[in-house]
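The values are calculated or read from the model by the stated rules, or taken from the named source; none is laboratory data. As the structure is a computational prediction, the values presented were derived from the model and not from experiment. Cβ sites come from the backbone with ideal geometry, for glycine too, and all protein chains shown count toward neighbours.
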Ligand code: NOJ
């Protein structure tokens, strides 16, 4: 076992928005293939693709109607095989999205399940009688708003859907479902896929008694409806860990595969997903940098809490953005996004970089008549419009930012004439150049990949830490200059990289500018 993923930087691609080659305004597999060189030059080691499988696209591929087929929007199986082979030739590991919690209502399994109460696949999904007084079986709410139960007139029962009504939840307590899903994983691993990111993995097991969720007293009407209740019984149930151990057994039938899981839970619950004896997920996604306020005290605390909570033998990971969350440049502004990139790529653990963040895509205006996100359509006021994080990659100053020859499915940014790869490639001070340098520094300096992590409490707006014996990182999370009171052994050090300019050189300064980050090399203690 090489556990290659401990050293890797993962790059998330949202395939609809990476590169369109067939002129339909939607990205495709051939587009990704054509951009493999870009990814290598950037310094990515692995790519993870959001779903590319056959789907009616009600939730843009997170509603799968055939787990073993490529959706024609993206291409076909021959193109997939070519992409995978070429990615491997380029030295990139290749990860797929696995969406096991729910299928599309167009999946053949669901068609059978809903056809009659005694169909052999009835129990593959979650069917319940109405509550004793009538109405839905319990108070569970869909993540996209409204009741999570949909009435089926023909068979006189409700089915459960944690997301859209067209995304019925599978019943993971049924061993046949588990086996069918294990075979899906084997199908893709037989092709050579290096691992999976599991969608909403903490949702897979539900309370056996389907008890009502308790209300959250802190909920405000400006929050999404799902947050009205605490998800006490609808997710994060003990049985989920058995499900994951089985998935891990399947993964371990093949050498060197990686299992990542999407989990939005507090740190103490999250780390359970490494499993007993690390027989769970290799990387339970750590979204703390997304969910925490961007303040030095809060970030210092969460890093300390996370580092302390990781079980023996477990490996950390960090994420700054994804296709469900406001982008980092939108959340903290462009100058601070450079500091955030330095943090993402120097903390201990595997980083996941979201496409477009490397050129600093920030806010995008989505006119009301162009909204695509089904959640934003359901809850226009209460939730973030995820379209804003899913706009086309910006490659050049050409029409539609070089993404497509036609109007793309979502608009590009207003500043796309300059915020694009071609423009930034020639600029040593660009966001793109900073990402390249950071990724290449990770490759060169073992400290940054494998070195242990020690926090240095400099207080105020600073987040500072040592990696290994000879590398230090100081990040100023404010826009004000701060005095640098560094330990003596750092004094003779050299600045390897400044976040603001993307350049290095020079001795360690006595103060650090606002929105600045420094990577410092110094001679280790005892040398
Ligand atoms: C999490 C995915 O990241 C999100 O995009 C999707 O809508 C839900 N799961 C449902 O699959």
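Results, tabulated for the structure shown:
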| read-out | value |
| --- | --- |
| First in segment 396-420 and outside the structural domain of residue 430 (by TED's automatic domain parsing), second anywhere and surrounded by 19 or more Cβ atoms within 10 Å (Cβ to Cβ) and modelled with pLDDT under 95, Cβ under 6 Å, 6 or more apart | none |
| Residues located in segment 372-395, provided they are surrounded by fewer than 17 Cβ atoms within 10 Å (Cβ to Cβ) and part of a loop (DSSP other than H, G, I, E, B) | 372, 380, 381, 384 |
| Residue match in segment 495-517 (condition: within 18 Å of residue 303 (Cβ to Cβ), outside any loop (DSSP other than H, G, I, E, B), in contact with a strand residue (DSSP E or B) (Cβ under 8 Å, 6 or more places away or on another chain) and not assigned by TED's automatic domain parsing to the domain that holds residue 295) | yes |
| Among (1) surrounded by 15 or more Cβ atoms within 10 Å (Cβ to Cβ); (2) part of a helix (DSSP H, G or I) - the single one residue 190 does not satisfy | (1) |
| Yes/no for residue 27 being within 13 Å of the ligand (Cβ to nearest atom), in a loop (DSSP other than H, G, I, E, B), buried (at least 20 other Cβ atoms within 10 Å of the Cβ) and at pLDDT 95 or above | no |
| Residue ID - nearest to the ligand (Cβ to nearest atom), chosen from residues in segment 86-107 that are in contact (Cβ under 8 Å) with a residue 24 or more places away in the chain and surrounded by fewer than 20 Cβ atoms within 10 Å (Cβ to Cβ) | 106 |
| Counted residues, segment 271-290 - those being under 15 Å from the mean Cα position of the chain (by Cα) and either farther than 17 Å from residue 197 by Cβ or away from the ligand (no atom under 16 Å from the Cβ) (or both) | 3 |
| Checklist (1) closer than 16 Å to residue 355 by Cα; (2) surrounded by fewer than 22 Cβ atoms within 10 Å (Cβ to Cβ); (3) within 16 Å of the ligand (Cβ to nearest atom) applied to residue 51, failing item | (2) |
| Exclusive hit being modelled with pLDDT of 95 or more and away from the ligand (no atom under 14 Å from the Cβ), set 382, 389, 298 | 298 |
| Strands (runs of 3 or more DSSP E) (entirely within segment 396-492) containing at least 3 residues that are surrounded by 18 or more Cβ atoms within 10 Å (Cβ to Cβ) and in contact with a strand residue (DSSP E or B) (Cβ under 9 Å, 6 or more places away or on another chain) | 462-467, 471-476 |
| When residues of segment 153-167 are limited to those that are away from the ligand (no atom under 12 Å from the Cβ) and in contact with a strand residue (DSSP E or B) (Cβ under 6 Å, 6 or more places away or on another chain), the one nearest to residue 55 (Cα to Cα) | 165 |
| Segment 108-130, residues that are away from the ligand (no atom under 16 Å from the Cβ) and outside any helix (DSSP H, G or I) | 116, 117, 118, 119, 120, 121, 127, 128, 129, 130 |
| Candidates 259, 270, 283, 247 - the one that is more than 30 Å from residue 331 (Cα to Cα) and surrounded by 15 or more Cβ atoms within 10 Å (Cβ to Cβ) | 247 |
